Amino acid sequence: MLTPEEKRMISTWIDLNATFYGCYEEPDLSKQLRGEPIAMPERQ
């Protein structure tokens, strides 16, 4: 079991090492603007 701090550290590490420039097509664009998670694109 991880503490909340350990989970935050792992999430930050993953976020900093994953290049994702966002989505520019609907319906994912609207979800992204609301702060909801969207799937990574198949190819970047």
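Bear in mind these aren't lab numbers, they're just calculated from the coordinates by the rules spelled out. Everything quoted here is computed from the prediction, not taken from an experiment. Positions of Cβ are backbone-derived with ideal geometry, glycine not excepted, and every protein chain shown enters the neighbour counts.
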If you count, for each residue, the other Cβ atoms within 10 Å and average over each peptide, how do 27-38, 8-19 line up from highest to lowest? 27-38, 8-19
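For the chain, what does -39500 (n - 2.57) per DSSP helix run (n ≥ 4), summed and divided by total residues, give at 222 nm, in deg cm²/dmol to the nearest 500? Before the final figure, lay out each step's value.
Working: 2 runs with 20 residues, N = 44.
About -13500 deg cm²/dmol.
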